[in-house]
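What follows is a set of notes on a single structure, which appears directly below.
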Amino acid sequence: MGLAILLEISMSVFDVFKPKWQNSNPAKRLEAIAELGADNQDVLERIALSDDEASVRAAAVKKLTLIASLLKISKDDADADVKRLAKNRYLEEVVKKLKSAAEPSAEDLSYLNDLKDTHFAEDLLKGVNTSETVRAELVKICDKQSVLAMAAIRDLNDDIAMAAARKVTSDSLLQDIAKSSRQPEVRKAASERL
């Protein structure tokens with residue numbers, strides 16, 4: 001009993017000299033994360049990758065914006081909830097990057113396979129700020145019929161709309177495209193396939 005009290009006292013003495021995010025008390029570490037700003041990505045990354053408590057790692061993941069680290073955590077974390085949260089944050093950050101990039105790099109385009117057939121792909125295809133390169137690549141790799149139909153109907157680029165329409169196999173979606181596509185050639189091509 002006496003040894004446990006002595007250990008607790010020594011831990012709290014050492015905590016005085018550490019940054020708050022390294023405190024032995026998980027509640028104090030959570031407070032520290034809440035106080036950290038977006039400019040503290042290096043600290044958030046360290047916490048998200050190495051803290052012993054899943055709740056503390058999850059709190060850090062929520063504020064982390066480093067795409068490579070979020071991807072690593074989504075694959076390697078021991079806690080399923082932290083993995084799921086990291087995967088979602090990874091996809092959110094990828095979408096944010098792809099929406100903001102005028103012309104995406106090869107690395108940016110490599111993220112698209114993780115997005116295909118998700119609501120994130122749909123967001124990018126709807127996005128007025130999404131580059132034509134990203135939209136064209138998404139249409140190439142996407143198999144989700146509703147996403148392809150939406151691109152065939154809404155895209156302002158006739159080549160992208162046509163490529164999407166060619167991949168649609170559902171008669172009801174082809175009817176929607178034939179009736180509603182912004183591109184006359186896409187409407188015609190969809191009508192001919194019915």
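The values are calculated or read from the model by the stated rules, or taken from the named source; none is laboratory data. Keep in mind that what you see is a predicted model, and the values were worked out from it rather than measured. In this analysis, Cβ positions are derived from the backbone assuming ideal geometry, glycine residues included, and neighbour counts consider all displayed protein chains. These accessible areas exclude ligands, DNA and RNA; they are computed on the full protein's heavy atoms, side chains included. Shrake-Rupley method; radii C 1.70, N 1.55, O 1.52, S 1.80 Å.
A few remarks follow.
- FRET efficiency, R84 to E132 (Cβ-Cβ, R0 30 Å, nearest 0.05): 0.40
- Taking Lys and Arg as +1 and Asp and Glu as -1, the other residues whose beta-carbon sits under 11 Å from that of A86 total +2.
- In the structure shown, the pairs K99/K179; K126/K167; K28/K97; K63/K140 are assessed against 23 Å; a Cα-Cα span above that value is assigned to K99/K179; K28/K97; K63/K140.
- Gaussian network model of the chain, springs between alpha carbon atoms under 10 Å - residue of A106, A163, A68 with greatest fluctuation: A106
- Expressed as a whole percent, the accessible area of segment 27-121 that falls on carbon and sulfur atoms is 50 (1.4 Å probe).
- Once the 1.4 Å probe is applied to the protein heavy atoms, segment 101-178 comes out at 48 Å² accessible per residue.
- Positive-pole candidate from S105, A152, I141, dipole of segment 74-175, charges at beta carbon: A152
- Student exercise, segment 63-194 dipole from Lys, Arg, Asp, Glu Cβ charges, in Debye to nearest 20: 220
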